[in-house]
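First the structure, in the form of C-alpha cells, and then the observations on it.
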Amino acid sequence: MNVNKGYTAFIVDDNPAALETLANDLRQQPEFAEVYTFASYAEATLPLLEKQPDVLFLDVEVPGKTGLEFLDSIRSKVTFTFKVVFYTGFSDYMIDAIRQSAFDYLLKPYKQSELRLIIDRMKQSENERVLQRIGSDAMQRKIAMQTVSELLLINLDEALMFNYSSERRSWVLTLTDGTVHVLKKGVTADDLANFSQTMVRISNTCIINLNYLAAVENNTQHCRLCPPFDDIEITASRRYFSKLKERLDLL
C-alpha cells in the first residue's frame, strides 16, 4: 500500500444493495482512495491484476464461483500482497474464512463500528510491516550470545535456529555455517524469540530464523527451509503454526 495515496479496495458481491452500501461506506473513510465494485469474480480477475488492490471484500457465495475458490484460482497469478475480508451473511463460513487465512470477516448487516475496527486492524498491520522493514536493517548488527564457554558475537542473519536440548537442559544455537553453540542455562524461549522479530517459535523446542523458512505443509506442519538448509527436518506444532500465520501476510 502507498500510505500517501490511501487504500485501493475491491468489492465482489452479487447483491446490488449490499455492494452499494459497503462501497459508499468505504468511500467515506479517509484511508480509502479508490473503491471498485464487481458483481462476479469473473469481472474482478483482470482488474485485480492491473490495479493490485490493497484489500478485497469478498462475498462467500457468488454465482459461478465462491470466494474461497476465487482465492485459490488467483494464487499463482498475483505478484503482490493484499488483505482479504469475507463479506457475507452466512456465519457458517466463519471457520472456512479463518482456515483460508482471511484477514478479517464482516457479517451482513454490519455496524459502522465493525467496519471501523477492520480498517483500524489494516492500519495496524501496515504499521507492523513498516517496522519489520526497518528491523531488517538491524539484521547486520552484532548481538552477543552467552554460551557455556564464551561470549559469542554474531550478526542476526547468521543465526539459523535454536533447539532446546533436554539432555543439556539448555538451548542450542545453530549458525548458518553449521556450527552449534550451547547457551548458558537460564536463557528462556521468550528471551530468544523476543530479541528479534525474525526469530519465531514453531514448537516447544525449536525457534527458527524466519528469513530461512521457505514453506510449512498445511496438513503435517513439516517445515522446509531455504537451500542449502532444506535437508534439515523440522516440524511445527499446530499451536505455534497458528501463531506463525498470524505473523505473516497471507493470501
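The values are calculated or read from the model by the stated rules, or taken from the named source; none is laboratory data. Quick caveat, the model's predicted, so the values are computed rather than measured. Backbone-built Cβ (ideal geometry, glycine too); neighbour counts: all protein chains shown.
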Quick check on residue 75: is it loosely packed, with under 13 Cβ neighbours inside 10 Å, among the basic types (Lys, Arg), touching a residue at least 12 places away in the same chain (Cβ under 8 Å) and in the same structural domain as residue 119 (by TED's automatic domain parsing)? yes
Can residue 218 be described as polar (S, T, N, Q), under 23 Å from the mean Cα position of the chain (by Cα) and under 30 Å from residue 122 (Cβ atoms)? yes
Condition first: surrounded by 17 or more Cβ atoms within 10 Å (Cβ to Cβ) and of a type in the set (D, E, K, R). Now tell me which residues in the stretch 188-239 satisfy that. 201
Among the helices (runs of 4 or more DSSP H) confined wholly to the stretch 64-177, which include 1 or more residues that are at pLDDT 90 or above? 67-74, 112-136
Regarding the stretch 16-27, can at least one residue be identified that is under 17 Å from residue 124 (Cα atoms) and touching a Ser or Thr at 6+ places or on another chain (Cβ under 8 Å)? no
